[in-house]
Amino acid sequence: MATLGLTCVHLCAGLMGRRAASSLRSLRCVSGMTVSQIDEEVAKLLELKAQLGGDDGKQTFVLKTAKGTRDYNPKQMAIREKVFNTIVSCFKRHGAETIDTPVFELKETLTGKYGEDSKLIYDLKDQGGELLSLRYDLTVPFARYLAMNKITNIKRYHIAKVYRRDNPAMTRGRYREFYQCDFDIAGQYDPMIPDAECLKIVYEILSELDLGDFHIKVNDRRILDGMFAVCGVPDEKFRTICSTVDKLDKMLWEDVKNEMVKEKGLTEEAADQIGEYVSMQGGMDLAERLLHDPKLSQSKQACAGLTDMKQLFSYLQLFQITDKVVFDLSLARGLDYYTGVIYEAVLCQTLQAPTPAPAEQNGAVSGEEGGVSVGSVAGKCPAWGRKQSCQQRRCAPQKLKFWWPQHRRTFWKRDSG
Amino acid sequence: MTVSQIDEEVAKLLELKAQLGGDDGKQTFVLKTAKGTRDYNPKQMAIREKVFNTIVSCFKRHGAETIDTPVFELKETLTGKYGEDSKLIYDLKDQGGELLSLRYDLTVPFARYLAMNKITNIKRYHIAKVYRRDNPAMTRGRYREFYQCDFDIAGQYDPMIPDAECLKIVYEILSELDLGDFHIKVNDRRILDGMFAVCGVPDEKFRTICSTVDKLDKMLWEDVKNEMVKEKGLTEEAADQIGEYVSMQGGMDLAERLLHDPKLSQSKQACAGLTDMKQLFSYLQLFQITDKVVFDLSLARGLDYYTGVIYEAVLCQTLQAPTPAPAEQNGAVSGEEGGVSVGSVAGGGRYDGLVGMFDPKGRKVPCVGVSIGIERIFSIMEQKAELSAEKVRTTETQVLVASAQKNLLEERLRLTAELWNAGIKAELLYKKNPKLLTQLQHCEETGIPLVAILGEQELKDGVVKVRNVATREEVRKASQKRGWGNVCSAVEKIL
């Protein structure tokens with residue numbers, strides 16, 4: 001009898017499967033599916049999966065962590081604690097406070113904030129209550145916290161894990177659960193003073209962590225936009241040209257120029273002009289020189305950015321950190337949200353990394369090839385002023401993100417000889 | 001279709017959906033946390049940090065290491081471990097991959113970790129948040145996301161030594177946290193089981209009688225007896241006999257006495273438990289903590305997986321609680337009524353069978369541990385902070401670098417940088433020309449004790465005034481003549 005039952009089940013499953021498969025085949029022919037149609041199909045498939053025995057509740061000995069996650073053993077915890085202590089001491093030295101937010105938010109809170117990356121959000125199962133999702137970063141929760149508590153001024157750090165359903169290329173050490181360490185100054189202040197302090201903090205932390213030599217590139221969205229404008233880049237191509245310029249740390253200029261001209265349709269002349277600018281690096285002197293550049297000075301935007309850049313460098317001098325800060329016109333990453341200064345700290349050292357660094361987590365460009373990793377370890381990330389639209393207030397947030405390359409283990413090994 | 005084929009199709013469809021613009025694409029700003037969860041503001045974080053520091057110092061003092069595990073586990077890992085409570089587990093949505101659930105406690109992940117790494121001996125603490133889809137009676141301060149703080153000693157050891165150390169740790173932590181008077185009740189599963197047996201409780205009623213006895217801290221004996229007889233079908237005689245035992249409290253003397261009790265001594269189990277209890281108390285005497293430890297036969301909680309000693313720490317103080325303490329989290333019995341909260345703040349015991357459940361070969365790893373009711377402690381500390389006149393600082397800044405006149409930003413930046421370089425915690429306002437009053441107010445609001453005031457005349461004279469914000473006392477110090485570094489050392493001395 002039992003055997004018969006089993007056969008029946010298989011048969012039915014097969015029939016259902018065929019039906020599902022055929023409906024899917026017809027789906028593939030129909031290109032114009034709506035969101036709700038997709039929801040329906042997904043629900044059907046998941047039901048089928050459950051029937052096939054996805055969830056049978058039997059007690060098995062499962063000795064695995066979920067894909068993309070890992071335990072921290074005591075050794076790793078000891079290292080982690082040391083790193084956190086150094087970083088938190090620095091934040092505290094600068095008068096920052098800290099907050100904590102729940103690991104999951106209402107799904108609505110996260111909806112519409114991450115664009116294409118939304119598909120990487122972990123949702124919680126609908127168990128008959130509110131729809132929830134695991135936090136994807138610490139920025140949106142921060143914005144919610146500020147709005148909920150009607151806070152306009154705060155200097156806060158937040159170190160916590162975030163969750164992304166990435167396809168972890170485990171060889172590239174990419175995780176689905178990983179720490180983010182954010183520092184933000186929110187509030188309306190005189191320009192460049194908080195920005196300078198952020199850079200001082202990055203400098204202090206990277207020095208104290210003893211990761212080897214590093215430098216911090218700074219640039220400004222307004223300078224970039226102004227530069228593109230005077231070089232004849234049409235407005236609608238700003239972003240795409242930006243992302244091409246961004247590749248300069250991985251590609252040679254010839255290839256970058258090629259992409260700009262052949263793929264993105266710039267004139268060779270425009271590309272060459274951009275090429276001249278983005279090869280420039282310097283300090284306050286460069287900002288001063290560019291303010292007198294016949295072309296660039298025509299852009300009001302660029303001038304505003306350059307004036308602020310001079311101001312920033314004067315503060316950095318007083319903070320005694322200009323030895324490692326470079327005004328670099330090729331820094332162009334993540335311009336989607338920026339409204340002003342952007343910066344990125346990069347380790348200079350090339351290391352043999354046994355486990356390659358987590359590439360591009362938190363948008364970090366690691367520029368790694370094979371065993372050599374020269375990675376960025378901190379960056380000015382998107383300003384999110386526009387997300388506070390409900391407050392009708394424009395803050396001038398300064399954001400700092402830290403992430404730790406997987407090869408930090410290597411650093412400690414080196415230290416201990 | 002196979003499961004993996006389905007997974008593939010689901011993934012494709014979800015990608016298509018995301019391309020179509022996600023769920024509805026409209027940007028709403030929902031100003032709520034999820035039900036049963038809350039943000040920690042800087043004040044609460046400051047309190048939390050203090051509590052964690054005290055607790056972790058104690059763990060470290062006793063040679064414990066720490067681990068961390070992911071916030072979600074494979075659903076299979078958690079399946080079948082929590083009995084009826086399984087319905088309180090948060091599942092993640094099936095998005096075409098593995099089925100996942102948020103961790104419900106730290107014990108099952110611990111057992112998995114031991115089995116995965118084939119570890120037989122470890123002394124570890126783990127402080128992390130866990131998740132339960134409770135019906136938070138928010139008036140009772142019950143959360144769905146809350147901290148657990150576990151300490152466990154796993155391994156085959158000579159009896160009672162690790163158990164005694166656990167109790168010493170609880171004693172130290174509760175003393176250092178300064179929560180008021182407390183005592184720790186201890187009992188033993190084998191003694192309870194033996195007691196029920198000799199009182200004539202049928203085997204199959206052990207658990208249910210246990211949970212009735214457990215109510216003795218909330219109900220009077222008459223009502224407990226009533227439940228045993230009327231609802232659970234015990235004879236009055238049996239109930240009375242149980243009543244005699246569970247009213248007993250004492251120390252090593254009680255264990256000794258019971259070993260000679262004509263009835264109880266008939267149970268081998270009870271004798272084993274009583275012998276170990278005597279041993280435990282002898283160690284507790286050496287650890288000098290017997291003043292607060294009581295062998296209490298009415299302690300009957302959470303017996304599902306304990307196999308030996310059980311204990312529970314209770315605060316003696318009755319407090320007027322404006323916000324009631326989180327009840328019954330971590331299985332803690334709080335016994336609170338209205339504004340009075342007398343509750344348990346730690347609980348634990350020996351559980352020798354759990355890790356074996358995870359090991360494919362069923363290898364046993366005996367464990368003894370304790371869970372500190374940290375949310376309860378936060379709640380109490382927050383109340384204390386509110387009631388006390390002392391302000392809780394959210395920053396640790398030691399000096400504010402201020403200017404008395406305009407156009408002194410450069411000097412402020414210089415001095416602040418020197419202070420930072422010297423490791424001193426310093427701040428300055430992000431204004432080119434702030435008013436002195438504003439700067440002093442900032443100090444008062446945030447509790448910064450010192451202010452270094454830069455003034456035109458003073459700079460000409462080569463000095464910087466350092467003032468105590470609270471008393472307004474001034475101390476003049478040398479500055480640029482021999483470098484800003486002098487100001488730093490001066491500040492350091494004051495601090």
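Listed here are the residues, each with its yes/no results for (1) out of contact with any Asp or Glu (no Cβ under 8 Å at 6 or more places or on another chain); (2) under 20 Å from A:Ala160 (Cβ atoms); (3) modelled with pLDDT under 95; (4) part of a helix (DSSP H, G or I).
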{"position": "B:Gly36", "(1), (2), (3), (4)": "no, yes, yes, no"}
{"position": "B:Lys60", "(1), (2), (3), (4)": "yes, no, no, yes"}
{"position": "B:Glu76", "(1), (2), (3), (4)": "yes, no, yes, yes"}
{"position": "B:Ser86", "(1), (2), (3), (4)": "yes, no, yes, yes"}
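All of B:Leu78, B:Leu88 fail the test of being open to solvent by 10 Å² or more (accessible area, probe 1.4 Å) and either of a type in the set (Asp, Glu) or more than 9 Å from every other protein chain (Cβ to nearest Cβ) (or both), apart from B:Leu88.
Within the span defined as segment B:469-485, one or more residues are open to solvent by 10 Å² or more (accessible area, probe 1.4 Å) and closer than 29 Å to B:Arg48 by Cβ. Candidates B:Val355, B:Val392: the one that is within 13 Å of another protein chain (Cβ to nearest Cβ), within 30 Å of the chain's Cα centre (by Cα) and over 30 Å from A:Asp190 (Cα atoms) is B:Val355. In the set (1) more than 7 Å from chain B (Cβ to nearest Cβ); (2) out of contact with any Asp or Glu (no Cβ under 8 Å at 6 or more places or on another chain); (3) open to solvent by less than 40 Å² (accessible area, probe 1.4 Å), A:Gly128 fails one condition alone, (3). Among the residues here, B:Asp181 does not qualify as touching a strand residue (DSSP E or B) at 6+ places or on another chain (Cβ under 9 Å) and open to solvent by less than 10 Å² (accessible area, probe 1.4 Å). Residues of segment B:395-444 that are free of Cβ contacts under 8 Å to residues at least 24 places away in the same chain, among the hydrophobic types (A, V, I, L, M, F, W, C) and open to solvent by less than 60 Å² (accessible area, probe 1.4 Å): B:Leu413, B:Ala417, B:Trp420. Evaluating A:Tyr114 against the criteria (1) touching a Lys or Arg at 6+ places or on another chain (Cβ under 8 Å); (2) at pLDDT below 95; (3) more than 7 Å from chain B (Cβ to nearest Cβ); (4) more than 30 Å from B:Lys43 (Cβ to Cβ) leaves one unmet condition, (1).
Where helices (runs of 4 or more DSSP H) fall entirely within segment B:185-294, those with at least 1 residues that are in contact (Cβ under 8 Å) with a residue 40 or more places away in the chain and buried (at least 18 other Cβ atoms within 10 Å of the Cβ) are at B:189-198, B:206-213, B:236-246, B:252-259, B:268-286. For segment B:95-117, a residue qualifies if it is without any contact (Cβ under 8 Å) to a residue 24 or more places away in the chain and assigned to a loop (DSSP other than H, G, I, E, B), and exactly one does: B:Asn117. Among the residues of segment B:445-460, the ones that are open to solvent by 60 Å² or more (accessible area, probe 1.4 Å) and touching a residue at least 24 places away in the same chain (Cβ under 8 Å) come to 1 in all. Residue count for segment A:137-169 under the criterion of being part of a loop (DSSP other than H, G, I, E, B), open to solvent by 10 Å² or more (accessible area, probe 1.4 Å) and more than 7 Å from every other protein chain (Cβ to nearest Cβ): the result is 11. If the condition is being over 15 Å from B:Ala34 (Cβ atoms) and without any contact (Cβ under 8 Å) to a residue 40 or more places away in the chain, then segment A:118-135 contributes only A:Ser118. For residues in segment B:59-73 being in contact with a helix residue (DSSP H, G or I) (Cβ under 9 Å, 6 or more places away or on another chain) and crowded, with 17+ Cβ neighbours inside 10 Å, which is farthest from B:Ile127 (Cα to Cα)? Out of the qualifying residues, it is B:Glu73.
The values are calculated or read from the model by the stated rules, or taken from the named source; none is laboratory data. For clarity, every value in this text was computed on a predicted model and none was experimentally measured. Ideal geometry is used to build each Cβ from the backbone, glycine not excepted, and the neighbour counts take in all protein chains shown. Heads up: the accessible areas ignore ligands, DNA and RNA and are worked out on the full protein's heavy atoms, side chains in. Shrake-Rupley method; radii C 1.70, N 1.55, O 1.52, S 1.80 Å.
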